[in-house]
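Below: one structure, written as structure tokens.
The values are calculated or read from the model by the stated rules, or taken from the named source; none is laboratory data. Worth saying up front: this structure is predicted, and the values here are computed from it rather than measured. With ideal geometry, Cβ positions are generated from the backbone for all residues, glycine too; neighbour counts draw on all protein chains shown.
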């Protein structure tokens, strides 16, 4: 079957939808965040899930079904709907649930849009911090109302003012990638470890030269790829692995172009 190309009207329609949905997820999340306690439990993979994750993803799925009944949906908590659709929305309702339940405000909501499997638009919202990124390929990336443009590092390489970042040892340990963590931390003396989508936001807005992530899923990374490329940066896949549950584990470096190229060369040779 012939699939028509994506049009400017598509971009406007999807942008309006995402821009209207993110305030709704933020309102819901903050109403639950302001309670005295947040209910949570450990999933089979020993990662936490909270009532906030579940209710937020339910809201997003309901809104997508109402607006775009033919679109696909894939999310962290409830899996796939309408797999194989031309357009697919990716949902991570709370990225950084461990931070959420421990009252660390850097968690966020991630919403992405794929066209024939390729990320084209994304939203990352930090409800407690009040920061929201939106945009994508060909349309630019915005932090709140301000355009984000990634200025590259010097041709000579990283400086003492440049910061690189990566995820925690527990994330690299899944799949046996602790050697990659060691490689990242030895790459540059000014390195830091983060554990949630806040590090993605820092890379997209240029606060980090490069961010390295291992063992993530499509709903963790699709919005980030669209946003970092929309800001003039780059997203480099470092590999992937098929897991026993049928999902794919993804590895990537993203941020300023030269920093990503240097990191990729250091990790992959």
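Can you say whether residue 201 is at pLDDT 95 or above, over 15 Å from the mean Cα position of the chain (by Cα) and either part of a loop (DSSP other than H, G, I, E, B) or under 26 Å from residue 117 (Cα atoms) (or both), as far as the supplied structure shows?
Numbers: at pLDDT 95 or above: yes; over 15 Å from the mean Cα position of the chain (by Cα): no; either part of a loop (DSSP other than H, G, I, E, B) or under 26 Å from residue 117 (Cα atoms) (or both): yes.
Against the criterion (at pLDDT 95 or above, over 15 Å from the mean Cα position of the chain (by Cα) and either part of a loop (DSSP other than H, G, I, E, B) or under 26 Å from residue 117 (Cα atoms) (or both)), residue 201 does not qualify.
Please go through the range 161-172 and give me each residue that is at pLDDT below 95 and either assigned to a loop (DSSP other than H, G, I, E, B) or outside the structural domain of residue 242 (by TED's automatic domain parsing) (or both), ordered by number.
Filtering the range 161-172 down to residues at pLDDT below 95 leaves 167-172.
Of everything in the range 161-172, those that are at pLDDT below 95 and either assigned to a loop (DSSP other than H, G, I, E, B) or outside the structural domain of residue 242 (by TED's automatic domain parsing) (or both) turn out to be 167, 168.
One line per residue, one yes/no per condition, for (1) in contact with a helix residue (DSSP H, G or I) (Cβ under 7 Å, 6 or more places away or on another chain); (2) under 18 Å from residue 16 (Cβ atoms):
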residue	(1), (2)
54	no, no
57	no, no
62	no, yes
68	no, yes
71	yes, yes
78	yes, no
90	yes, no
97	yes, no
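Filter the range 12-45 down to the residues that are in a strand (DSSP E or B) and loosely packed, with under 12 Cβ neighbours inside 10 Å and list them by number.
Narrowing the range 12-45 to residues in a strand (DSSP E or B): 40-42.
Scanning the range 12-45 gives 41, 42.
Here's the yes/no breakdown for (1) over 16 Å from residue 75 (Cα atoms); (2) assigned by TED's automatic domain parsing to the domain that holds residue 58; (3) in a strand (DSSP E or B):
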{"site": "105", "(1), (2), (3)": "yes, yes, no"}
{"site": "109", "(1), (2), (3)": "no, yes, yes"}
{"site": "113", "(1), (2), (3)": "no, yes, yes"}
{"site": "124", "(1), (2), (3)": "no, yes, yes"}
{"site": "129", "(1), (2), (3)": "yes, yes, no"}
{"site": "133", "(1), (2), (3)": "yes, yes, yes"}
{"site": "142", "(1), (2), (3)": "yes, yes, yes"}
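Would you mind finding the one in 183, 175 that is farther than 14 Å from residue 19 by Cα, assigned to a loop (DSSP other than H, G, I, E, B), more than 16 Å from the chain's Cα centre (by Cα) and in the same structural domain as residue 262 (by TED's automatic domain parsing)?
175
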Meets criteria (modelled with pLDDT of 95 or more, surrounded by 12 or more Cβ atoms within 10 Å (Cβ to Cβ) and assigned to a helix (DSSP H, G or I)) for residue 59
yes
